[in-house]
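Read the structure below first, then the notes.
The values are calculated or read from the model by the stated rules, or taken from the named source; none is laboratory data. Bear in mind that the values here come from a model prediction, so they are computed numbers and not experimental data. Virtual Cβ from ideal backbone geometry, glycine too; neighbours counted across all protein chains shown.
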Amino acid sequence: MITLALAQMIYFFYVQAPFTGGEDGIQAVPRGKLFGLIDLSNIWAMYGTVLAVFVGGFLLIYRVVHSPFGQVLKAIRENEPRAISLGYDTVRYKFLAYVLSATLAGLAGGTKALVFQLASLTDVHWTMSGEVVLMTLLGGLGTVFGPVVGALAVVTMENYLAQLGAWVTVTQGAIFVLCVLSFRRGVIGEIARLIRRPL
């Protein structure tokens, strides 16, 4: 709740700040050239760059999760007092995880502004935090590929359900409830369970 309250405070600050363009956002974001070599005004070069950034970020997350640092984070998630008793500075580990998360979120926001040439305030609104949680739950909590699949499903739904107008949120909510009831472990979690199940 504190996180959501802080997110809303930051949203209202950015709405009032003169450098954000208010509710209109920062429009006509220039693409320019990456490292002075790759012309991002070329659509294929731009999408290739975004794909490279995504793959690089995903591989970084995969490596972190399967590193000793990631194992300590799992231990903190499962039983923080036990991790403290083993001598780990849990506050420092959580802080580093938060910094890494914020870095990747900023990178994602930068690539989105690059693609749409618009930096809007919709991503600062508190509803985005809920949307990210829904993506993770839908794809599979505790899996590496789950949030990617969940994000793909949510964005696809938003695009195809846009024609419903005001009923988009209600329809999305109903689909999410059905998915949560049907796939308790998320899409990827259920697929992994079916693969592991003996024949």
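Enumerate the pairs (first residue in region 59-78 and on the phi < 0 side of the Ramachandran plot; second residue anywhere and hydroxyl-bearing (S, T, Y) and outside any helix (DSSP H, G or I)) with beta-carbon separation below 8 Å, excluding pairs fewer than 6 apart on the same chain, so at least 6 apart or on different chains.
V72/Y88; A75/Y88; I76/Y88
Can you tell me which residue in region 11-30 is farthest from the chain's Cα centre (by Cα), limited to those that are over 14 Å from L118 (Cα atoms) and surrounded by 14 or more Cβ atoms within 10 Å (Cβ to Cβ)?
Result: V15.
Which numbered condition in (1) in contact with an Asp or Glu (Cβ under 9 Å, 6 or more places away or on another chain); (2) modelled with pLDDT of 90 or more is the only one that S120 fails?
With respect to (1) in contact with an Asp or Glu (Cβ under 9 Å, 6 or more places away or on another chain); (2) modelled with pLDDT of 90 or more, S120 is out only on (2).
If you check T122, T143, T136, T111, which single one turns out to be of a type in the set (V, I, T), exposed (fewer than 14 other Cβ atoms within 10 Å of the Cβ) and within 17 Å of the chain's Cα centre (by Cα)?
T122
Residue-wise test of (1) outside the structural domain of G186 (by TED's automatic domain parsing); (2) more than 20 Å from R63 (Cα to Cα); (3) modelled with pLDDT under 80.
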position: S129; (1), (2), (3): no, yes, yes
position: M135; (1), (2), (3): no, yes, no
position: V148; (1), (2), (3): no, no, no
position: L161; (1), (2), (3): no, yes, yes
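Taking region 174-199 as the region of interest, how many residues are at pLDDT 80 or above and small (G, A, S)?
Summing the residues that are at pLDDT 80 or above and small (G, A, S) in region 174-199 gives 1.
Test A113 against the criterion of being assigned by TED's automatic domain parsing to the domain that holds V65 and at pLDDT 85 or above, and give yes or no.
no
Looking only at residues in region 31-51 that are surrounded by fewer than 12 Cβ atoms within 10 Å (Cβ to Cβ) and aliphatic (A, V, I, L, M), which one is modelled with the highest pLDDT?
For region 31-51, the residue satisfying everything is L51.
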